[in-house]
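One structure is given here, and the rest of the page talks about it.
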């Protein structure tokens, strides 16, 4: 009898972790099945920069971009473990996402108990897989939340005053910022939370609060400070500062607020309404229930503030791109967990206690099942190539794999390449170094004060390095031409390629949807029978 009771108690103790394990396995099975989905261009940027790091080349030397270098290093570490391949990149994401799922559970459990933690981690896992947030791609925001969630967990644990815990929290949130600038929203949340707690205790103007805030701030600033020091030592600080601060400021102020809120945010909400409507209804009902329960008001306020600062991260520049909303998922998942617990506690008639307590869990199960069913095709049926083609229509991500293979087959490992278009994944696949640091052409087409200088600089770098191959990617989504774009680089490329290069290869989908690769070793390529294609040029002897 005693042994039976002991086993039952142990099972009750471990049930949350068993469910977390089931969530991890479900998420991992889907990600493993889709391990070979071709990289999209942001992944290509991170993978190429990570590849260069593994070859001993610092960020911003051969690849320019406005993002901070944390994700480059994360990719480098992942590819060192799993290989410099598409699968290696997505295995890195799988590991990062699995840890985030666990951290969401731990934070939910600390705030609202085991049930809320399990619900939150399950909600997060499924939402993080969704095409609504480009969840299958290893975007920087996955690595931001990987560090931000445990940072918030330690922040909550350190509210009693433990300075070591506060420093560790600040350090994690500082690393989240290093993954991508939007991660700073979580650092701001930490400062506001500590200030609010001090105000409630009437300690706002005390030495004790100043010490705690300085401790947290020191951890928050340390990763960025060390990064600046290291990049200065390797000689790329000036370029790093221009791209991540000067140009980034111009980029973030290019979109009018009205356009961002009405067009971009409105479009995202319309596109995701059917997918997430079950969770939204559950959260709205749960917040009403929690408001009337004194024991839940304080942690509810914490999560709502967490959600608000997460939303501010998605609003950077008012672009509201799909993958920005990954930043919002942990806080939203915690609201789902809170809602289940709040609805369970709101009304419990004695004669129906068991039935009523099960209804919120059933409602969550239905909402979660709907989200999985809604995405059943990409989760369980489509091939990796189909997922890429269906999610990224009119983007040449599948074609980029074949184009890079042609470069690998017809060039030496030390050959230099210049890609005209925003497809840095070609450099990564081909494992060939770029002849120019302008791995994106978006910035060159934007109506911003540095655009024309960037175009001239790109042309100058290519003329200096004389790459063996030029790769022209004329797809609209690889350039995003705008009213007012400068066209110096287009005119320059036409003349430069005609004088110094032969057209030798092409990759594209034919009218029947079949991927076709063409190559000519002896002379210029004949007319290409492909409606839209990547063209390869080889330098004349």
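The values are calculated or read from the model by the stated rules, or taken from the named source; none is laboratory data. None of these values were measured; they are calculated from a predicted model. Here the Cβ positions follow ideal geometry from the backbone for every residue, glycine too, while neighbour counts run over all protein chains shown.
Counting only helices (runs of 4 or more DSSP H) wholly contained in the range 209-295, the ones carrying 2 or more residues that are at pLDDT 95 or above and under 30 Å from residue 436 (Cα atoms) occupy 237-241. Of the residues examined, residue 49 is not one that is within 22 Å of residue 251 (Cβ to Cβ), in contact with a strand residue (DSSP E or B) (Cβ under 7 Å, 6 or more places away or on another chain) and surrounded by 21 or more Cβ atoms within 10 Å (Cβ to Cβ). Scanning the range 458-473 for residues that are surrounded by fewer than 17 Cβ atoms within 10 Å (Cβ to Cβ) and closer than 14 Å to residue 487 by Cα turns up nothing. Residue 531 meets the stated requirement of being in a loop (DSSP other than H, G, I, E, B) and either more than 30 Å from residue 246 (Cα to Cα) or in contact with a strand residue (DSSP E or B) (Cβ under 6 Å, 6 or more places away or on another chain) (or both).
Comparison of 439, 462 shows that the only residue that is within 17 Å of residue 400 (Cβ to Cβ) and either under 29 Å from the mean Cα position of the chain (by Cα) or outside any loop (DSSP other than H, G, I, E, B) (or both) is 439. Filter the helices (runs of 4 or more DSSP H) completely within the range 64-166 down to those with at least 3 residues that are farther than 24 Å from residue 187 by Cβ. Counting at least 3 such residues, we get 70-82, 86-112, 114-127. Pairs needed: first member in the range 255-268, free of Cβ contacts under 8 Å to residues at least 24 places away in the same chain and not assigned by TED's automatic domain parsing to the domain that holds residue 312; second member anywhere, buried (at least 16 other Cβ atoms within 10 Å of the Cβ) and in a helix (DSSP H, G or I); C-beta distance under 7 Å; at least 6 residues apart or different chains. So the pair list comes out empty.
Return yes when residue 24 is under 30 Å from residue 379 (Cα atoms), assigned to a helix (DSSP H, G or I) and either within 21 Å of the chain's Cα centre (by Cα) or at pLDDT below 95 (or both) and no when it is not. It would help to see each step written out before you state the result.
On the way: under 30 Å from residue 379 (Cα atoms): yes; assigned to a helix (DSSP H, G or I): yes; either within 21 Å of the chain's Cα centre (by Cα) or at pLDDT below 95 (or both): yes.
Judged against the criteria, residue 24 is a match.
Taken as a whole, the condition of being surrounded by fewer than 17 Cβ atoms within 10 Å (Cβ to Cβ) and closer than 24 Å to residue 459 by Cα applies to residue 494. When residues in the range 198-245 are screened for being surrounded by fewer than 19 Cβ atoms within 10 Å (Cβ to Cβ), in contact (Cβ under 8 Å) with a residue 24 or more places away in the chain and farther than 19 Å from residue 53 by Cβ, 6 of them pass. When each of 352, 407, 335, 343 is tested for being at pLDDT 95 or above and in the same structural domain as residue 176 (by TED's automatic domain parsing), the lone residue that passes is 335.
Taken over the range 465-507, the criterion of being within 28 Å of the chain's Cα centre (by Cα) and under 20 Å from residue 424 (Cβ atoms) is satisfied by 471, 472, 473, 474, 475, 476, 477, 478, 479, 480, 481.
Apart from one condition, residue 414 fits all of (1) within 28 Å of the chain's Cα centre (by Cα); (2) without any contact (Cβ under 8 Å) to a residue 24 or more places away in the chain; (3) part of a loop (DSSP other than H, G, I, E, B); the exception is (1). Within the option set 451, 506, being without any contact (Cβ under 8 Å) to a residue 60 or more places away in the chain and either closer than 19 Å to residue 402 by Cα or not assigned by TED's automatic domain parsing to the domain that holds residue 409 (or both) holds for one residue only, 506. Residue count for the range 96-142 satisfying the condition of being more than 15 Å from the chain's Cα centre (by Cα) and closer than 13 Å to residue 327 by Cα: 1.
Restricting the range 180-197 to residues that are touching a helix residue (DSSP H, G or I) at 6+ places or on another chain (Cβ under 7 Å) and farther than 30 Å from residue 66 by Cα, which is surrounded by the fewest Cβ atoms within 10 Å (Cβ to Cβ)? Filtering first and then ranking leaves 197. Taking the criterion of being without any contact (Cβ under 8 Å) to a residue 60 or more places away in the chain and surrounded by 21 or more Cβ atoms within 10 Å (Cβ to Cβ), the residues of the range 63-77 that qualify are 72, 76.
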